[in-house]
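See structure below.
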Amino acid sequence: MAGDYPFVITVASEKGGVGKTTIATNLAVYLKALDEDLPVTIASFDNHFSVDSMFAIGSQRGKSVADLFNGVPAAQLASLGEYGVQFLASDSALAPFGDDPAWLTGALGRSGLSGILILDTRPILDYFTRSALLAADLVLVPVKDRPSLVNTASLARTLKEAGQGLDKMWLLPSLIDGRLRLRENLGVREFLVFAAEERGYQVLDQFIAKSPKVESLVTNLSNRVYPVLTHARTTLVHRQLHELSRFVLDRFRATKLPLNQCQAGFADVPARRVRRLLTACPVCGEAMNGTDGQFFQDIRSRRRGFMHRDCLQGLLEQTGIAEELPDQGVLVMSTATTGLDGDDSTMLLHLYDVDGDESSVESVPDFFDTPFAECWRQVSDRLPEELYREFLLVGLEGGPPGRFLSADGSSRWGQLRRRVLRSVLARVG
């Protein structure tokens with residue numbers, strides 16, 4: 001699951017009938033068509049089931065989005081649907097996970113999804129819409145008239161109150177009838193652009209035209225919803241959705257890190273340093289964001305991440321190391337003596353001070369039957385019996401462990417790591 005952070009696009013409006021779901025579902029299809037290797041997933045927090053009607057294959061609806069708010073990782077809920085798009089089945093009985101809308105941001109960070117995730121929201125600013133707004137890397141707000149433009153203020157206020165800027169929010173004129181003129185021959189689109197920019201909002205150059213042909217793809221005699229790409233390629237909307245998708249792809253490709261990693265304090269960290277970063281504590285499975293805990297690195301897989309100090313103490317509670325665990329230095333877990341046939345399951349614990357000098361060493365026999373085995377499996381993504389000459393380093397220094405990913409921190413960690421490994425290798429042979 002290392003490095004699996006989805007780029008989240010939230011399509012939101014407090015006003016219904018602005019084309020929100022049409023944009024969300026068709027955007028998924030166009031993105032997949034433009035880049036067939038890009039994982040694209042869509043979920044809706046509304047209860048109209050349009051996502052299911054477009055993407056479900058046959059009668060198989062897949063697992064419900066409601067389980068996302070029961071703590072199930074999204075990757076376990078996503079089903080492969082029509083047009084190569086993954087989707088989470090809609091549910092009319094969503095229940096919030098607690099009362100903190102920021103929870104979804106962390107949940108998506110450990111979701112196991114990669115690529116792009118599109119969230120279609122309700123026409124009301126409730127817990128689920130707020131959650132989707134806070135988790136988004138890009139917010140698209142369809143506006144078709146003055147009321148929908150006025151309602152945008154509450155979306156902007158939600159972002160500001162959460163300490164997020166409006167640079168990720170873009171207004172999209174939608175369902176525009178080019179024949180309709182306002183006073184002084186002013187078109188609806190021109191009015192919306194002028195009024196939005198006057199309020200300080202960003203407005204896309206693209207817009208979505210009103211089209212009876214496109215509307216018929218949603219309201220027809222079947223229970224299917226059809227995409228513009230396959231059933232309305234002769235319309236202006238086809239070209240407009242293509243342009244919108246290009247804009248989204250450009251934003252996706254230009255974003256160094258998705259919101260989950262940026263919020264963890266990694267915005268100034270080179271992407272190569274977080275590529276193999278694990279998103280959860282390997283002991284308890286809870287999300288970690290680099291603001292607390294202990295930094296660790298698996299030498300063979302080069303995976304890195306963070307574990308809770310209490311979880312580390314729990315792992316060591318049956319060893320003598322637990323009583324002398326310092327606030328600085330490095331703990332090395334070594335399976336260098338594990339036999340290839342799996343008969344010898346001894347693990348060594350090496351404790352080093354901040355200068356890289358060994359202060360103690362202790363063996364853990366039959367570690368396959370200890371909590372260390374599951375920790376190793378989570379870190380390396382391999383079974384304990386497959387481990388041979390493996391080394392897991394855990395930094396013991398207090399303070400935000402995410403600093404080990406900065407330029408200075410990475411350099412200091414590298415020097416200490418090399419000295420410690422030379423010592424461990426000299427001991428285990």
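The values are calculated or read from the model by the stated rules, or taken from the named source; none is laboratory data. These numbers come from a predicted model, not from an experiment. Positions of Cβ are generated from backbone atoms using ideal geometry, with glycine treated the same way; all protein chains shown enter the neighbour counts.
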Before we move on, is residue 290 over 21 Å from residue 421 (Cα atoms) and either basic (Lys, Arg) or surrounded by fewer than 22 Cβ atoms within 10 Å (Cβ to Cβ) (or both)? no
Return the residues of segment 117-137 that are in a strand (DSSP E or B) and more than 9 Å from the chain's Cα centre (by Cα); say none if nothing qualifies. 118, 119, 120
Run residue 209 past the list (1) without any contact (Cβ under 8 Å) to a residue 24 or more places away in the chain; (2) at negative phi and report the number of the one that doesn't hold. (1)
Hey, among 244, 259, which residue is crowded, with 20+ Cβ neighbours inside 10 Å and at pLDDT 95 or above? 244
Can you pull out every residue in segment 231-249 that is under 20 Å from residue 51 (Cα atoms) and in contact (Cβ under 8 Å) with a residue 40 or more places away in the chain? 241, 242, 244, 245, 248
Taking residue 95 as the residue in question, decide whether it is small (Gly, Ala, Ser) and farther than 22 Å from residue 27 by Cα. yes
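For the condition in the same structural domain as residue 34 (by TED's automatic domain parsing) and in a loop (DSSP other than H, G, I, E, B), what is the one hit in 244, 249, 166?
None of the other options fit; the residue is 166.
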Cβ-Cβ under 8 Å pairs, at least 6 apart or on other chains, segment 322-337 side part of a helix (DSSP H, G or I), far side modelled with pLDDT of 80 or more and polar (S, T, N, Q): 322/313; 324/359; 324/360
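Each row is one residue, and each column tells you yes or no for (1) free of Cβ contacts under 8 Å to residues at least 12 places away in the same chain; (2) out of contact with any Phe, Trp or Tyr (no Cβ under 6 Å at 6 or more places or on another chain); (3) not in a helix (DSSP H, G or I); (4) not polar (S, T, N, Q).
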| site | (1), (2), (3), (4) |
| --- | --- |
| 376 | no, yes, no, yes |
| 385 | no, yes, no, yes |
| 388 | no, yes, yes, yes |
| 404 | no, no, no, yes |
| 413 | no, no, no, yes |
| 416 | no, yes, no, yes |
Quick count over segment 144-163, residues being part of a loop (DSSP other than H, G, I, E, B), of a type outside the set (A, V, I, L, M) and touching a helix residue (DSSP H, G or I) at 6+ places or on another chain (Cβ under 6 Å), is 0
Could you list, in sequence order, the residues of segment 57-95 that are buried (at least 16 other Cβ atoms within 10 Å of the Cβ) and assigned to a strand (DSSP E or B)? 64, 79, 86, 87, 89
Verdict on residue 364 being β-branched (Val, Ile, Thr), over 33 Å from the mean Cα position of the chain (by Cα) and surrounded by 19 or more Cβ atoms within 10 Å (Cβ to Cβ): yes
Among all residue pairs at least 6 apart or on different chains, which show Cβ distances below 6 Å where the first residue, located in segment 175-200, is modelled with pLDDT of 85 or more and the second is among the aromatic types (Phe, Trp, Tyr) and in a helix (DSSP H, G or I)? none
Report yes if some residue within segment 218-230 is part of a helix (DSSP H, G or I) and surrounded by fewer than 17 Cβ atoms within 10 Å (Cβ to Cβ); otherwise report no. yes
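Do we find that residue 23 is part of a strand (DSSP E or B), of a type in the set (A, V, I, L, M) and under 17 Å from residue 8 (Cα atoms) in this structure?
no
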Exactly one of 394, 424 is in the same structural domain as residue 282 (by TED's automatic domain parsing), within 35 Å of the chain's Cα centre (by Cα) and either surrounded by 14 or more Cβ atoms within 10 Å (Cβ to Cβ) or assigned to a helix (DSSP H, G or I) (or both), and that residue is 394
